[in-house]
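The structure appears below as structure tokens.
Only the coordinates and a few stated rules stand behind these numbers; no lab work does. Everything numeric here is computed off the predicted structure, so don't read it as measured data. Virtual Cβ from ideal backbone geometry, glycine too; neighbours counted across all protein chains shown.
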Amino acid sequence: MKALILAAGFGTRLLPFTENTPKPLFTVTGISLLDTLICNLQRAGCKAIMINTHHLHEKIDAHLAGKQYEIPVTTRHESEILGTGGAIKNVADFWDDRPFMVINSDIITDIEFKKVYDFHLNHTHPATLVLHDDPEFNTVVVDGNGFIEAFDERPPRNARSASLRKKSKKSGFKETGKLTFTGIQVLNPEVLDLIPDNVYYSIIDVYGTLTAKNRKICAFVSKKHFWKDMGTPERYRHVVFEKMATEAFKQAFLGSSSKKITRTKLKGDGSDRDWYRLNNGNRSLVMADHGIKRDDKTSEAEAFVAIGRHLFRTGLPVPEIYLYDTFSGLVFMEDLGDVHLQDVILKTKNQNEIISYYQSVIRLLGQLSLSGSRDFDPAWTYQTPQYDKDLILEKECRYFVDAFLREYLGMDICFQDLENEFRQLADKSLEFSINGFMHRDMQSRNIILKNDHFYFIDFQGGRLGPIQYDLASLLIDPYVELPRSVRNILLDFSVKILAPAIRVHPHNFLSCYKYCAITRNLQILGAFGYLSRIKKKTYFKKYIPNAIKTLEVNLSDFKDTEFPGLKSIVKDVCSMTAF
């Protein structure tokens, strides 16, 4: 047996995701649809595979060049798309005198190709089409003897339906009389003579010619098999979840379960990701949905997985990632529960207990910075590989001006008005920086308490940078609004614990901290402005007063000659009756 995998299509229904990735390279559990089909054909005894290509053909060629299959796999580029019939004829030199298999590249199935091929060998008809019951696509009319009558895009008329239902009782076909073509077919070489050379030609026209000559098209009806067409983003995402969720529970709990997996959406965060809790009996996992990858850059999902697995391997307190597919954006991980540090602090009235909680977190923060930086690969990051001057100026200072002052508050302030002060701030923030692993969003809602242990989550923005930045993020966190007296106690504790570990003089440690506290504060306000106004996540608005007040207080610690323009603007903002 030889086979042709049809991979030339534009994937129009999958736009915009097929602008950069051809649909045969869409993945499920990290394995492309194309690789899955090739492996299944190998197992079925296929001796050689041809793949027709057109859209993004160079990416398919590059993908195949990095693979080693057990059988020959080659491609045939179509400068103009030829249709299924035209594609079959275009590789006429590839076929031999035996029946051959033709398969669409945008399906995932457990239908056994060998059984389909053997079925075809056991009858004398020129073609076998594999059919499956999928109400969304049931358009192939099958008679009571297992032969295809028509390809009908409309529901059958009442009279015809009755006839087909009557026949279906003895044939075992669905009562509608219609089934779905799976994109899997076996053809005899004689069909090649019915296809013209070098033109677009539909395989349906070939079937029409055959039936006009009283030749039969056989239906191989797939029952109790998994089959899905991946032609739209919704169907693709559904299939990835359906295939991966069960496997994730197997890997997490070392065994399968017959119980249904339920999915409950969790409260979102500031990103565009969706979060879900998956339950299977009394077991649970958390799934993050980052969305389908759009371009060739490192994605947020790829950073989340690479950094998360690195931190977990290092022994740091982060959730274990059990299964993932970074192209679809789905990541299945350990369920740490719903108790965030924010919840704990807001419910705790005793100041000494609050300090004790934070001291535990600060100790872990030191471990995260030092241990997390060992063997950390900057290529894992999806924004910038490290915290540097350009990032401070663009993603914190300019973000504050554009997203908060101008867009959210409507103030007539430009980045250039404060550029000299921002450049001074960036330089000072990095002057005594000792780089370690930097979480970049170290706040109380990204720290979870489970069984009296704290865990860090949402580490996808991690990179190399000063530990003082994460410490500042933790202490000026507007979600809990720690009193300044408590912040000072914790800052003194941090100097004693962290400064010796990172081998920096306490004075230099504090100098870097106080400038990082300003840059972080600017980033917080930029984010709150953007999320509230652009993303319509108005939940964040209530934290803006806390962040503004903290910025004003921290700026007051600097000499009058430092940041006078920024101080003046913040004073004006504080005088507003509402933010």
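Things to note:
- Taken one residue at a time, the phi angles of the range 453-460 give Karplus couplings (6.51, -1.76, 1.60, θ = phi - 60°) of 10, 8, 10, 9, 10, 6, 9, 5 Hz. Gly and Pro are set to x.
- Taking amide H atoms as placed 1.01 Å from N in the peptide plane, the amide H of Val142 lies under 5 Å from those of Glu149, Leu179, each 5 or more residues away in sequence or on another chain.
- Note on Lys267: lysines with a C-alpha under 16 Å away, same-chain residues under 8 apart excluded, are Lys535, Lys536, Lys537.
- Exposure proxy order (Cβ contacts within 10 Å, fewest to most) of Glu149, Glu302, Glu247: Glu247, Glu149, Glu302
- Relative contact order, percent, the chain [alpha-carbon distance under 8 Å, six or more residues apart]: 11
- In the chain, the DSSP-assigned H stretches of four residues or longer account for a calculated mean residue ellipticity at 222 nm of -12000 deg cm²/dmol, using -39500 (n - 2.57) per stretch and the full residue count as denominator.
- Amide proton proximity set for Ile108, modelled H, under 5 Å, gap of 5+: Lys228, Met230
- Proxy reagent accessibility, fewest Cβ within 10 Å first, across Ser444, Ser356, Ser258: Ser258, Ser356, Ser444
- Each part reduced to its alpha carbon centroid, the range 63-108 and the range 255-286 end up 39 Å apart.
- Close amide-amide hydrogen proximity is noted between Ile502 and no other residue 5 or more places distant or on a separate chain, at a cut-off under 5 Å (H modeled in the peptide plane; Pro and chain starts excluded).
- Derived value for the range 274-313: Kirkwood hydrodynamic radius 12.0 Å. Basis is the mean of 1/r over every pair of different alpha-carbon atoms.
- Relative pair counts by distance (%), Cα atoms of the range 213-346, 5 Å bins: 2, 9, 15, 19, 19, 14, 8, 5, 3, 3, 2, 1, 1, 0, 0, 0, 0
- Links that overshoot a 21 Å alpha carbon limit, given the list Lys67/Lys114; Lys297/Lys395; Lys178/Lys228; Lys67/Lys224; Lys228/Lys297: Lys67/Lys114; Lys67/Lys224; Lys228/Lys297
- Value of Rg/Rh across the range 2-228 [Cα atoms, Kirkwood radius]: 0.96
- Taking θ as phi - 60° and the Karplus parameters 6.51, -1.76 and 1.60, the scalar couplings of the range 295-311 work out to 9, 8, 6, 4, 8, 4, 5, 5, 5, 4, 5, 4, 5, x, 5, 4, 5 Hz in sequence order, x denoting glycine and proline.
- With bins 5 Å wide beginning at 0, the percent of Cα pairs of the range 531-579 falling in each bin runs 5, 19, 25, 19, 17, 10, 5, 2.
- Table column - 3J(HN,Hα) (Hz), the range 235-247, Karplus curve with 6.51, -1.76, 1.60, x for Gly and Pro: 5, 4, 5, 4, 5, 4, 5, 4, 6, 8, 4, 4, 5
- Across the chain, the convex hull enclosing all Cα atoms gives 195 Å³ per residue.
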